[in-house]
Structures are given as structure tokens and as C-alpha cells.
1. Using only the Cα atoms of segment 20-79, each taken as one equal point scatterer with no solvent, compute I(q) by the Debye sum, divide by I(0), and report log10 of the ratio at q = 0.18, 0.23 Å⁻¹.
2. Pairs of Cα atoms under 8 Å, at least six residues apart: use those to get the relative contact order of the chain, whole percent.
3. Count charges around Gly43 for me, please; just the other residues with Cβ under 15 Å from its Cβ, Lys/Arg as +1, Asp/Glu as -1.
4. I want to verify a result. In a Gaussian network model of the chain, Cα cutoff 10 Å, which of these has the top mean-square fluctuation: Ala69, Ala112, Ala83?
5. Please compute one quarter of the surface area of the Cα convex hull for the chain and express it in square nanometres.
6. Give the separation of the Cα centroids, segment 16-65 to segment 66-81, in Å.
7. In debye to the nearest 20, how big a dipole does segment 4-128 give about its Cα centre with +1 on each Lys and Arg Cβ and -1 on each Asp and Glu Cβ?
8. Could you tally the net charge around Arg63, taking each other residue with its Cβ under 13 Å from the Cβ of Arg63, Lys/Arg +1 and Asp/Glu -1?
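All of the numbers you see were taken from the coordinates with simple rules; none came from a lab. On a predicted model such as this, the values are computed, not experimentally measured, just so you know. No Cβ is skipped: glycine too gets one built from the backbone with ideal geometry, and neighbour counts run over all protein chains shown.
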Amino acid sequence: MDGLPALRVILGFSLLSTTLHYAHNSIALDQYPSVDGLGGVLGQVLIVFAWLLFTAFGVLGYRRYARKADWTSLAFLAVYSLAGLATMGHFLVGPVNLPAFWFATIFTDTLAGLAIWVFVIWAATRNAAVRGEVSTQH
């Protein structure tokens with residue numbers, strides 16, 4: 001399948017970055033800007049649940065893409081990219097004052113999310129062009 005080696009690298013990087021970031025965010029929740037009502041155990045559970053849900057979409061997208069690079073596989077991967085892109089939301093809530101390593105994971109998550117988007121766009125345009133599905137006619 002075209003692009004599968006690149007997708008493996010991108011997803012591996014994303015999995016490493018988001019695992020580190022979401023784990024730290026859950027364990028050290030008090031170090032991150034908070035949303036009213038989403039602190040403590042509830043916040044920790046939501047963070048873990050979000051990571052598991054996003055990662056499930058990534059696994060589904062990868063497995064489907066490996067078998068058949070279709071629009072569904074790309075949609076799953078696009079949803080998974082939100083695991084990385086959503087971490088920039090920390091800056092919307094308040095100032096982020098973390099040790100440098102953990103602060104950097106916000107940006108590595110974002111980079112991973114953007115890399116997934118670039119891959120999805122590349123695969124979508126390539127697959128559509130190969131199959132003759134690109135059309136401006138309705």
C-alpha cells in the first residue's frame with residue numbers, strides 16, 4: 001500500500017508523543033490549566049478516556065488503510081489526528097507552566113497531528129486521482 005511506511009513512522013511518533021503527554025496530563029493534572037468542574041478524578045478519567053478513544057480511531061484507521069486505502073480509513077486517521085491537535089487547547093484555558101520536557105510534548109503532539117493531516121490529504125488526493133474520483137461535476 002502506498003504510503004504505509006510513512007504512515008507507520010507518523011503514527012509511531014504520534015503514539016509515543018500522545019502517550020507521554022496524556023499520561024503526564026492525567027498524573028500531574030494540577031500542573032495544567034484547568035477547566036472549571038473538570039479537575040480531580042473526573043478530569044483524570046476524561047483524559048485517559050479521550051486518549052483511548054482517539055487511539056482506537058488511529059488503530060482502526062491504520063488497520064483499514066493497510067488493507068484498503070479508502071475514505072473510511074482516512075476519516076479514522078483524521079479523527080485520530082485530533083489527539084495531537086487538541087493539546088494546543090491548553091493555551092486556550094490559561095498559561096501553561098510546565099517543566100520543559102512536558103511543555104515540549106504539547107508541540108510534539110501538535111506536530112504529530114499536523115503530520116497525520118498532511119498524510120491524510122496526500123493519500124486522499126492521490127487515491128482520488130488514481131481512481132478518477134476527482135471531479136467538479138455533479
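1. Those come out to -0.66, -0.81, one per q.
2. Relative contact order comes out at 30 percent.
3. -2
4. Looking only at Ala69, Ala112, Ala83, the largest GNM fluctuation is found for Ala69.
5. Averaged projected hull area, Cα only: 9.5 nm².
6. A separation of 21 Å, based on Cα centres.
7. 660
8. After counting each charged neighbour, the total is +3.
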